[in-house]
Structure formats: C-alpha cells, structure tokens
1. Suppose we filter segment 167-186 for residues that are in contact with a helix residue (DSSP H, G or I) (Cβ under 9 Å, 6 or more places away or on another chain) and either surrounded by fewer than 24 Cβ atoms within 10 Å (Cβ to Cβ) or within 11 Å of Leu213 (Cα to Cα) (or both); how many remain?
2. Which residues, taken from segment 186-222, are farther than 14 Å from Ala171 by Cβ and touching a strand residue (DSSP E or B) at 6+ places or on another chain (Cβ under 9 Å)?
3. Is it the case that segment 86-102 has a residue that's more than 13 Å from Ala32 (Cα to Cα) and touching a Gly at 6+ places or on another chain (Cβ under 7 Å)?
4. Suppose we keep only residues that are closer than 16 Å to Gly163 by Cα and of a type in the set (Ser, Thr, Tyr) within segment 193-211. Which one would you say is surrounded by the fewest Cβ atoms within 10 Å (Cβ to Cβ)?
5. Taking the condition within 24 Å of Arg129 (Cβ to Cβ) and either of a type outside the set (Asp, Glu) or surrounded by 20 or more Cβ atoms within 10 Å (Cβ to Cβ) (or both), does Ala214 pass?
6. Please go through segment 231-278 and give me each residue that is modelled with pLDDT under 95 and surrounded by 15 or more Cβ atoms within 10 Å (Cβ to Cβ), ordered by number.
7. Anything in segment 173-217 that is among the hydrophobic types (A, V, I, L, M, F, W, C) and either part of a helix (DSSP H, G or I) or at positive phi (or both)? List them, or say none.
8. Would you please name the residue that is surrounded by the fewest Cβ atoms within 10 Å (Cβ to Cβ), looking only at residues in segment 30-66 that are among the polar types (S, T, N, Q) and closer than 14 Å to Asp143 by Cα?
Amino acid sequence: MKGGWLPFCLLLSACGGLPSPAERHQQADRLAATRDWTAVRLPAGPFGLTAYVPARPAASDSLTIYIEGDGLAWINRSRPASDPTPLEPVGLQLALAQPVGNAAYLARPCQYAETGQAACETAYWTGRRFAPEVIEAMQQGIDRLKQRFGARRLALVGYSGGGAVAALAAARRTDVDLLVTVAGNLDSAAWTRLHRVSPLAGSLNPADDTTRLAGIRQIHLAGGRDTVVPPAIAAGYADRFSASERPAVRIEPAFDHRCCWVDAWPRISTEILSLPAR
C-alpha cells in the first residue's frame, strides 16, 4: 500500500466527483477574503509557493506562520493525485481563526501551483513530501514572509503533514520561539508502520531531529479520536526527549483529525500564543 493513501481514504471515502484544482484555489481565495487576506506567490528555489497574508498587515516583531497539511495526495490505493491542492485547507482555516497577533499561511510545494511548474513531480506529495529540497523551499518561503512582515521572531504552526514540515524547518532555524503542531505527523516512520503503508523514501523524519529541536518551546496537539495521526505519534516523538526537554503533548479527547480544531482555534491559539517564553 502506498504511503499516505490510507488517511486520504479515511477522510474522503464516499467522495463523488472531486473539485478541480482551480475550484479548490477559488475556495481558498473566498475563505481568505472573509478576513481581508490575499494570495501572494513566493519564489522558493525550483518551486513557487502560495501564501495567504492580510491585505494590510500591522508591523510586529513576531509572526505566526501556519503550514498546510499534505493535501490531496492520493486518489485511491494505487493512483496518486495529479494535483495536491487541498480539498479542505485546514491550515488556512486555522490561520484565519487566530484572533490576535500577526499571522500568515504557507501552502506546501505544488499546492495552489501555477500550471506547468516543472518541479511539481508526483513524488513531492507522495514519498518525497518531506524531502530536503522541500524543506529548503519552505525555509525560503518562511524567510520571505518574515521579511514581508518585518518580523524578527517566529511561531510555526503545522497541521497534519504540515506539522512535520514545521518541525523540520524549526530544527534548521534560529528564529523560532514556538513550534505548534495540530494532529501533526511528527514521526513518519512510526506513522507508516502504524498504517502498514510504504515508508516515505527520500523524506526527512522530524523524530530524527530531536537533538536540534530540544531547545525550542513546543506544544503538540492531538485528537483523542484521531485515527489518521493518533496521539501515540506525538507521544512517541515526545518520549525521544530527555525529561527536562520533553515537549508538551496536549490531547483534546473529543477531537479527531479534522473536527473540531478550527472551531476551537480562537480559544486554543489564544492560550498557546500567550504562554510565556522558556
């Protein structure tokens, strides 16, 4: 079985016709417009990344960047999607739900992409979704957003597979004060073993970067009813740290992989982002 197919089936079984990439892009534009946010394109090595930002951001020393999940990776057991743009951009919805402070949203490579982007090979949303070149492209996108807002310090928030990207990015930066994952895939090897799917060959694994992540304040949120990325993934990742450096794992008992993070995000994000620094 291919890596990443099972969670897609769990979330999207009984789907009929899928909306086109253009329709998915329009959906994101409409969501962003409800908060007066707009899309921007960010050059990032071989990729062009899509971000959504407030049309009139306020200058601030700090910025929270939300990183999208894996999106539409697989159509069925053996057929990868031709375009990974999310059907439901939970990462964007979380960013828009943050009630205070500067926030921005960063999609993954090849999500909301312009047509004909040569670098957009299927591997970049299947086995190589966390490849070194993907993380480097995301780093460039983060740098450009940081520059756009005039920020010095960052909080990175990653949803689902975006949690892996956020962790891998944070491990390679010196400006991250807080790493938050929401139903995040923090150990891709444990995750593929759990679901009995193919390993993500060519991808980095956040669980291998715990030494570099030990000095960063982290909060990992998991849904008690999440069968896609169950709480055991975050707990196993946290167990790799020493007792003094072990990151916080917070379980929301009634939540699953999608429900009910967005609705609860104004409360949760206010609590998390207001916590004192280490």
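1. Total meeting the criteria: 11.
2. Of everything in segment 186-222, those that are farther than 14 Å from Ala171 by Cβ and touching a strand residue (DSSP E or B) at 6+ places or on another chain (Cβ under 9 Å) turn out to be Ile219, His220, Leu221, Ala222.
3. yes
4. Among residues in segment 193-211 that are closer than 16 Å to Gly163 by Cα and of a type in the set (Ser, Thr, Tyr), the one surrounded by the fewest Cβ atoms within 10 Å (Cβ to Cβ) is Thr210.
5. Criteria not met by Ala214.
6. Of everything in segment 231-278, those that are modelled with pLDDT under 95 and surrounded by 15 or more Cβ atoms within 10 Å (Cβ to Cβ) turn out to be Ile272, Leu273.
7. Correct list: Ala183, Ala189, Ala190, Trp191, Leu194, Ala207, Leu213.
8. The qualifying residue surrounded by the fewest Cβ atoms within 10 Å (Cβ to Cβ) is Ser62.
The values are calculated or read from the model by the stated rules, or taken from the named source; none is laboratory data. Worth saying up front: this structure is predicted, and the values here are computed from it rather than measured. Here the Cβ is made from the backbone with ideal geometry for all residues, glycine too, and neighbour counts use every protein chain on show.
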